[in-house]
Amino acid sequence: MTMQFDVLVIGAGPGGYIAAIRAAQLGFSVACCEFNPYDSSDGQPRLGGTCLNAGCIPLKALVASSEAYENVSLNYAAHGIDADCVSIDIARMQQRKDDIVTKMTSGIQFLFRKNKITLLKGRASFAGRTEEGVRVTIRGKSDQEEVIAKNVIIATGSKPREIPNVKVDNVSICDNEGALKFTEAPKKLGVIGAGVIGLELGSVWRRLGAEVTVLEVMPSFLASADESISREASKIFQKQGLHIKLGVRIGQAKVTDSGVTVAYTDDQGAEHLLECDKLIVSVGRVPNTEQLDLEKVGLQTDERGFIPVNAHCATAAPGIYAIGDVVRGPMLAHKAEDEGVMVAELLAGQKPHVNYESMPWVIYTTPEIAWVGKTEQQLRSEGRDYKAGQCPFSANGRALGLGDAQGFIKMLADAKTDELLGVHIIGADASDLIAEASLAMEFRAASEDIARTCHPHPSLSEVMREAALAIDKRALNI
Ligand code: FAD
Ligand code: NAI
């Protein structure tokens, strides 16, 4: 029997499940299809995609556990708290992480039931078109279903990029999935790629005792961040013991009896062999479009494998949209979610849009890094006249009280209009602090708006206000 829906969402990651919920709220009949490659003990697909199963949520659980361990072992001594023989039970830490993931993924099952969304279990591929809509085949483990939907939202996400001569087995040489499941802290950990995953996962296992070497092909560190933040981060991470080697070329990685070896050439052309117990490969991600049979609805991917879409995530095929990691733009869960909401509201005749300019970025290292808007180097290359203000966390009483006073906030504003152009943070709780800056940019606020807003005392958010005041050289506490 062929099932018919107003909206079929392919993929139940943060893009897909949020699109499905919003479409259901708006009165559409909605199905969401998920084949789910993640372990599932009850035979149900695990919803939530990369983010919940092998990305944001499990990684941040490990970040929290490893930070707690490092605080008790090292940092709490300054508070007068001495703890001898601190140990960590990695199995319990992993169980805690898995419990959080299970709670979150089953929460989506509940939300689907609440919003009367039909969950279809299987892998979707396009089968063509009829007068009633788009035909999609859903292949389950043992059966096959046919769906006709007036609108289809492709939210199939992404998977780790591979590099030649480094074969991931997720035992010794791991991508994010394997690296989130280590059963003990490796003594020596190699990481290929000093991007977001490399830094977050590398920091987790460093805090838990691994000697970590990060091999990065680019000659500069964290090139997408503001250069002053990258400089500060590089200094802090190296002081923490992360060995970061820039400008390398990776040769062959081999699994040996005792671990893994990686051959690489350094920026001077000298050849090296890194020996480690485990190797993490985190060199970017590529969109998931294989087996979708896009050509059956007249679509094809671009040269990098993404599905081409317009500003409203509409593809070239009528009634077919694509959102999240499978389309252009940053691969971020909140970007996927916002695009999902936008498409659902568009289908309901509303006039939504996603403002990519006010979309925040966060890297969950210690300290955290977060930013929104333009970097100083981008403004310079655009020839834009701007003013900058900066305030260190070391001037803030709350940061000192917390024992977490590294880093600073830098604010950039237009030299004439004072419109906020970018905010860059390296410091404690940057992931939460940046929300104020995103909101301000969404409202096209001036730096003076932040400077004139009363902030709670004592709080880290006062550093935001001081950075705004510093733009006009009237900071009060530095
Ligand atoms: P996905 O989450 O990848 O979901 C796609 C879903 O589609 C999957 O469940 C897949 O099984 C399903 N699917 C694929 N093909 C089909 C098909 N043919 N039929 C049916 N189902 C299909 N982002 C942040 O914003 N903050 C973070 O802190 C963060 N941390 C991360 C940490 C790691 C280790 C990783 C790997 C990523 C992280 N990300 C983070 C990125 C974030 O996870 C992704 O941007 C986000 O998950 C993308 O959402 P999506 O819905 O587009 O795709
Ligand atoms: P990334 O794009 O952040 O970093 C990849 C790094 O690998 C880059 O620095 C790149 O120059 C380097 N690289 C590429 N090829 C290489 C090679 N052959 N040898 C050595 N280095 C090489 O990608 P990453 O870390 O894999 O993460 C994927 C995506 O997941 C990110 O783009 C991000 O959007 C998302 N993510 C987001 C997080 C967050 O928001 N906090 C956390 C983790 C992931």
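Below are the figures for this structure:
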{"quantity": "Qualifying residues in region 195-208 (those that are open to solvent by 20 Å² or more (accessible area, probe 1.4 Å) and within 12 Å of ligand 1 (Cβ to nearest atom)) - the one nearest to Asn36 (Cα to Cα)", "calculated": "Ile197"}
{"quantity": "The listed residue being away from ligand 1 (no atom under 16 Å from the Cβ) and open to solvent by less than 10 Å² (accessible area, probe 1.4 Å), out of Ile280, Ile229, Ile192, Ile244", "calculated": "Ile229"}
{"quantity": "Test for Ser224: is it surrounded by fewer than 20 Cβ atoms within 10 Å (Cβ to Cβ), hydroxyl-bearing (Ser, Thr, Tyr) and more than 16 Å from ligand 1 (Cβ to nearest atom)", "calculated": "no"}
{"quantity": "For Trp371: the one exception among (1) within 16 Å of ligand 2 (Cβ to nearest atom); (2) under 21 Å from Lys159 (Cβ atoms); (3) buried (at least 22 other Cβ atoms within 10 Å of the Cβ)", "calculated": "(2)"}
{"quantity": "Answer residue from region 325-343, given it is closer than 16 Å to Asp302 by Cβ and hydrophobic (A, V, I, L, M, F, W, C) and is nearest to ligand 2 (Cβ to nearest atom) among those", "calculated": "Met331"}
{"quantity": "Residue in region 81-125 that is modelled with the lowest pLDDT, counting only those that are farther than 23 Å from Arg22 by Cα, open to solvent by 60 Å² or more (accessible area, probe 1.4 Å) and not charged (D, E, K, R)", "calculated": "Cys85"}
{"quantity": "Verdict on Ala399 being within 16 Å of ligand 2 (Cβ to nearest atom) and either surrounded by fewer than 18 Cβ atoms within 10 Å (Cβ to Cβ) or within 21 Å of Ala233 (Cβ to Cβ) (or both)", "calculated": "no"}
{"quantity": "Sole exception among (1) of a type in the set (Ser, Thr, Tyr); (2) part of a loop (DSSP other than H, G, I, E, B); (3) away from ligand 2 (no atom under 16 Å from the Cβ) for Tyr321, by number", "calculated": "(2)"}
{"quantity": "Criterion (surrounded by fewer than 22 Cβ atoms within 10 Å (Cβ to Cβ) and under 22 Å from Leu47 (Cβ atoms)) met by exactly one of His334, His312", "calculated": "His334"}
{"quantity": "Scan of region 281-297 for residues that are assigned to a loop (DSSP other than H, G, I, E, B) and away from ligand 2 (no atom under 13 Å from the Cβ), ordered by number", "calculated": "Asn288, Thr289, Glu290, Gln291, Leu292, Asp293"}
{"quantity": "Helices (runs of 4 or more DSSP H) enclosed by region 168-240 - at least 1 residues per element that are assigned by TED's automatic domain parsing to the domain that holds Tyr69 and within 19 Å of Pro367 (Cβ to Cβ)", "calculated": "none"}
{"quantity": "Residue ID - most open to solvent (accessible area, probe 1.4 Å), chosen from residues in region 10-39 that are among the β-branched types (Val, Ile, Thr) and more than 9 Å from ligand 1 (Cβ to nearest atom)", "calculated": "Ile21"}
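Here is a yes/no grid of residues against (1) hydrophobic (A, V, I, L, M, F, W, C); (2) in a helix (DSSP H, G or I); (3) in the same structural domain as Val327 (by TED's automatic domain parsing); (4) within 14 Å of Lys121 (Cβ to Cβ):
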site: Leu8; (1), (2), (3), (4): yes, no, yes, yes
site: Cys32; (1), (2), (3), (4): yes, no, yes, yes
site: Asn36; (1), (2), (3), (4): no, no, yes, yes
site: Arg46; (1), (2), (3), (4): no, no, yes, yes
site: Cys51; (1), (2), (3), (4): yes, yes, yes, no
site: Leu59; (1), (2), (3), (4): yes, yes, yes, no
site: Val63; (1), (2), (3), (4): yes, yes, yes, no
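The values are calculated or read from the model by the stated rules, or taken from the named source; none is laboratory data. These numbers were taken from a predicted model, which means no experiment stands behind them. Ideal geometry is used to build each Cβ from the backbone, glycine not excepted, and the neighbour counts take in all protein chains shown. Just the protein is used for accessible areas: all its heavy atoms, side chains included, with ligands, DNA and RNA removed. Shrake-Rupley method; radii C 1.70, N 1.55, O 1.52, S 1.80 Å.
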